[in-house]
Amino acid sequence: MKVTVTIDLTVPALKKHWRQMRGAARGLTDAKKSVQVSQPAGDPKRLVVGFSVPKARQSDVVDGIARQFWYWIEDYGTSTIVFESEPRRTRRSREA
């Protein structure tokens, strides 16, 4: 399951914030190579990290994700957690 966490910092992002984002995500992911940190153009106080987590109900994992980032990230302001929707499987109809 793919998760994207956006953190709005209280200060412009420094290299330490990038490392902290990567570290927080690596502590949660089931695939270390899936961790990707980025910064939206024109927003120096925002960092975004995408990573995969083991499949689970979103309500079961969202608090753990929020706590992990709150604990790891210095100058934490606010956060947003988004779960990527899974592609729907289509059922094949049985033909008689």
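The values are calculated or read from the model by the stated rules, or taken from the named source; none is laboratory data. Because the structure is a prediction, the values reported are computed rather than measured. FYI the Cβ positions are ideal-geometry reconstructions off the backbone, even for glycines, and counts take in every protein chain you see. When the accessible area is computed, the model is the full protein with side chains, heavy atoms only, and any ligands, DNA or RNA have been set aside. Shrake-Rupley method; radii C 1.70, N 1.55, O 1.52, S 1.80 Å.
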Once normalised by the length of the chain, the mean sequence separation of its alpha carbon contacts under 8 Å that are 6 or more apart gives a contact order in percent of 43
At 1.002 mPa s and 20 °C, Stokes D of the chain from Kirkwood alpha-carbon radius, µm² per second: 150
When the Karplus curve 6.51 cos²θ - 1.76 cosθ + 1.60 is applied with θ = phi - 60°, which whole-Hz ³J(HN,Hα) does each residue of segment 50-64 get, with x for Gly and Pro? x, 6, 9, 10, x, 4, 7, 5, 4, 5, 7, 10, 4, 5, x
Provide the per residue accessible area, probe 1.4 Å, for the chain, rounded to a whole number of square angstrom. 73
Cβ-placed point charges (K, R +1; D, E -1), dipole of the chain about Cα centre in debye, nearest 20: 480
Which of ARG57, ARG67, ARG22 moves most in a GNM of the chain, Cα contacts under 10 Å? ARG57
Carbon plus sulfur, as percent of the 1.4 Å-probe accessible area of the chain, comes to 49
